[in-house]
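First up is the structure itself, then whatever we jot down about it.
The values are calculated or read from the model by the stated rules, or taken from the named source; none is laboratory data. Computed from a prediction, not measured in an experiment: that's the story for all the values here. Here Cβ is always computed from backbone atoms with ideal geometry, including for glycine, and neighbour counts include all displayed protein chains.
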Amino acid sequence: MDVRAAAEAEIQHLSKVWHDGWHDAHAQIVPAELTSLRSLESFAERLQAALSHVRVSGPFGAPTGLCIVKNDELYQLYVSTQSRGTGVAAALIADAEATLAQRGVEIAWLACAIGNARAARFYEKHGWQRTGIISVNSETPQGTFPLDVWRYQKSLTLRASGLSL
Ligand SMILES: CC(C)(COP(=O)(O)OP(=O)(O)OC[C@H]1O[C@@H](n2cnc3c(N)ncnc32)[C@H](O)[C@@H]1OP(=O)(O)O)[C@@H](O)C(=O)NCCC(=O)NCCS
């Protein structure tokens with residue numbers, strides 16, 4: 001399954017994938033105030049700002065999933081409803097881990113909303129370990145929103161050497 005850079009012309013479509021996936025996974029488990037800030041426009045703005053770091057799967061013009069890596073963090077991973085359970089997310093996370101490893105990141109980390117059980121199962125299946133609860137500053141159009149999350153990490157050095165945790 002190919003993973004490629006996103007194109008500017010795909011921002012609208014990707015905003016919908018991100019918006020719908022965010023609300024599916026988070027609307028019931030995060031504060032209502034944060035949910036009210038997660039508009040389609042807010043995702044479009046964040047995609048525009050991060051465009052050079054956005055990786056996607058699926059056909060040009062209609063990508064099925066997106067992933068963003070920031071510094072040593074697997075920052076965002078969203079797959080359309082129809083593409084969940086198909087291996088698209090696995091291809092995106094493998095691409096993200098390869099990017100991080102190529103940058104020399106030895107321990108990558110990610111934040112997962114507390115109670116996002118499907119995502120947690122997915123990360124654990126792919127070798128990520130939950131290390132505890134931390135507070136992160138979630139980006140919103142009104143500034144940052146503090147949120148307690150599950151922190152996951154993965155040793156990419158071990159992965160590269162063929163050993164498993
Ligand atoms: C998280 C996400 C990228 C994972 O991709 P996916 O294609 O759904 O992942 P998979 O189907 O390969 O793996 C999900 C696992 O969770 C399991 N699962 C499904 N629903 C579940 C639930 N409610 N509770 C626990 N596990 C669940 C699946 O059975 C599967 O495990 P299995 O392979 O052992 O059967 C995708 O679900 C998604 O985009 N979700 C919405 C956005 C999101 O939560 N993003 C992550 C933000 S941190």
Yes or no: V79 modelled with pLDDT of 95 or more, under 20 Å from V30 (Cα atoms) and crowded, with 20+ Cβ neighbours inside 10 Å?
yes
Residues that are more than 19 Å from N116 (Cβ to Cβ), touching a residue at least 40 places away in the same chain (Cβ under 8 Å) and within 12 Å of the ligand (Cβ to nearest atom): find the strands (runs of 3 or more DSSP E) completely inside region 1-79 holding 3 or more of those.
none
Complete set of residues in region 36-55 that are surrounded by 15 or more Cβ atoms within 10 Å (Cβ to Cβ) and either farther than 12 Å from P141 by Cα or hydroxyl-bearing (S, T, Y) (or both)
S42, L47, A50, L51, H53, V54, R55
Only one of G21, G87, G58 that is crowded, with 16+ Cβ neighbours inside 10 Å, modelled with pLDDT of 95 or more and farther than 26 Å from T144 by Cβ:
G58
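How do the helices (runs of 4 or more DSSP H) wholly within region 85-165 filter down when requiring 2 or more residues that are more than 11 Å from the ligand (Cβ to nearest atom): which remain?
88-102, 156-160
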